[in-house]
Amino acid sequence: MDKEHSKIWKTIDKIAYVNGISVSALAKKAGLDATAFNKSKRFYPSGKFRWPSTESICKVIRATNMTWEQFTKYLEQSGN
């Protein structure tokens with residue numbers, strides 16, 4: 001698995017956890033489809049990595065009242 005791909009998804013999982021909600025609830029809170037961050041959507045059927053868009057990440061940051069600094073801190077921690 002690509003390390004960066006794993007880090008970004010772990011970061012989204014952590015944001016949901018810290019906010020006391022599921023990734024589905026996080027997606028809905030951000031104005032996205034409830035399935036947008038499901039584990040089954042993290043790869044294409046061919047096995048190719050599926051990445052969240054920068055727009056989706058921005059919506060998550062706004063919906064959770066985070067700063068970009070907080071997001072990048074979680075991203076850095078996800079590599080450990």
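The values are calculated or read from the model by the stated rules, or taken from the named source; none is laboratory data. Computed from a predicted structure; not experimentally measured. Note that we place each Cβ from the backbone using ideal geometry, even for glycine, and neighbour counts take in every protein chain shown. Surface areas here come from the heavy atoms of the whole protein model, side chains and all, with no ligands, DNA or RNA. Shrake-Rupley method; radii C 1.70, N 1.55, O 1.52, S 1.80 Å.
Restricting attention to the range 29-59, the residues being in a loop (DSSP other than H, G, I, E, B) and either among the acidic types (Asp, Glu) or buried (at least 16 other Cβ atoms within 10 Å of the Cβ) (or both) number 7. Of all positions in the range 36-56, none carries a residue that is among the basic types (Lys, Arg), in contact with a helix residue (DSSP H, G or I) (Cβ under 7 Å, 6 or more places away or on another chain) and more than 19 Å from HIS5 (Cα to Cα).
Taking the range 1-17, which residues are open to solvent by 50 Å² or more (accessible area, probe 1.4 Å), in contact (Cβ under 8 Å) with a residue 40 or more places away in the chain and either touching a Ser or Thr at 6+ places or on another chain (Cβ under 8 Å) or among the hydroxyl-bearing types (Ser, Thr, Tyr) (or both)? Passing the criteria: LYS10, LYS14.
Annotation: GLY79 fulfils all but one of (1) open to solvent by less than 70 Å² (accessible area, probe 1.4 Å); (2) under 12 Å from the mean Cα position of the chain (by Cα); (3) in contact (Cβ under 8 Å) with a residue 60 or more places away in the chain; the unmet one is (2). In this entry, LEU26 is excluded by the filter for residues that are surrounded by 13 or more Cβ atoms within 10 Å (Cβ to Cβ), on the phi < 0 side of the Ramachandran plot and outside any helix (DSSP H, G or I).
Can you name every residue in the range 30-66 that is farther than 14 Å from THR11 by Cβ and among the β-branched types (Val, Ile, Thr)? Within the range 30-66, just THR35 meets the criteria. Considering only the range 62-69, I want to know if a residue exists there that is touching a residue at least 12 places away in the same chain (Cβ under 8 Å) and either open to solvent by 50 Å² or more (accessible area, probe 1.4 Å) or under 17 Å from SER6 (Cα atoms) (or both). So far as the range 62-69 goes, yes, one or more of its residues are touching a residue at least 12 places away in the same chain (Cβ under 8 Å) and either open to solvent by 50 Å² or more (accessible area, probe 1.4 Å) or under 17 Å from SER6 (Cα atoms) (or both).
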